[in-house]
1. Go over the candidates LEU79, LEU65, LEU40, LEU87 one by one and state the one that is surrounded by 12 or more Cβ atoms within 10 Å (Cβ to Cβ), in contact (Cβ under 8 Å) with a residue 24 or more places away in the chain, out of contact with any helix residue (DSSP H, G or I) (no Cβ under 8 Å at 6 or more places or on another chain) and within 24 Å of LEU21 (Cα to Cα).
2. Take the residues of the range 90-112 that are under 30 Å from TRP55 (Cβ atoms) and either among the aliphatic types (A, V, I, L, M) or within 18 Å of the chain's Cα centre (by Cα) (or both): which is surrounded by the most Cβ atoms within 10 Å (Cβ to Cβ)?
3. Scan PHE71, PHE108 and give me the residue that is among the aromatic types (Phe, Trp, Tyr), on the phi < 0 side of the Ramachandran plot and in contact (Cβ under 8 Å) with a residue 12 or more places away in the chain.
4. For residues that are of a type outside the set (S, T, N, Q) and open to solvent by less than 50 Å² (accessible area, probe 1.4 Å), scanning just the range 43-54, find the one that is nearest to VAL91 (Cα to Cα).
Amino acid sequence: RAGHDDAQDDAALTDESENALLQALYELSLPTTHEELDELNEEFADLEPTFILKWAHHHLAHPHLVQVTSFGPTGLVILHLLAQLQLLNDVPIVTMDTLHLFPESYEFYDTV
């Protein structure tokens with residue numbers, strides 16, 4: 001029983017610290033200079049991608065935030081994270097059709 005309570009306490013602390021981090025991130029404004037962009041990149045350097053995606057969604061929500069992907073490994077990871085965060089309905093997915101793709105590529109796009 002004590003272990004169960006400790007796990008609940010740890011989860012509550014994690015939620016609180018994640019909420020505090022998100023609130024602090026939301027206070028970071030969009031960069032307007034190269035120096036501000038460098039500072040923002042430093043802030044984001046050690047963050048989990050989910051926090052960066054939440055920040056981008058908060059500041060750049062539709063129609064300004066778009067996920068461009070060729071459905072490679074990194075693009076699929078971002079799509080997976082957007083789905084986990086329930087942001088896919090807010091973020092249009094764009095890919096470039098070169099007209100030289102295999103039929104399997106189109107099937108894969110439809111599946112994903």
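The values are calculated or read from the model by the stated rules, or taken from the named source; none is laboratory data. Not measured: the values here are computed from a predicted model. Don't worry about glycine lacking a Cβ; one is built from the backbone with ideal geometry, like all the others, and counts go over all protein chains shown. Heavy atoms of the whole protein, side chains included, go into the accessibility calculation; ligands, DNA and RNA do not. Shrake-Rupley method; radii C 1.70, N 1.55, O 1.52, S 1.80 Å.
1. LEU79
2. VAL91
3. Every option except PHE108 fails the conditions.
4. Here the residue is LEU53.
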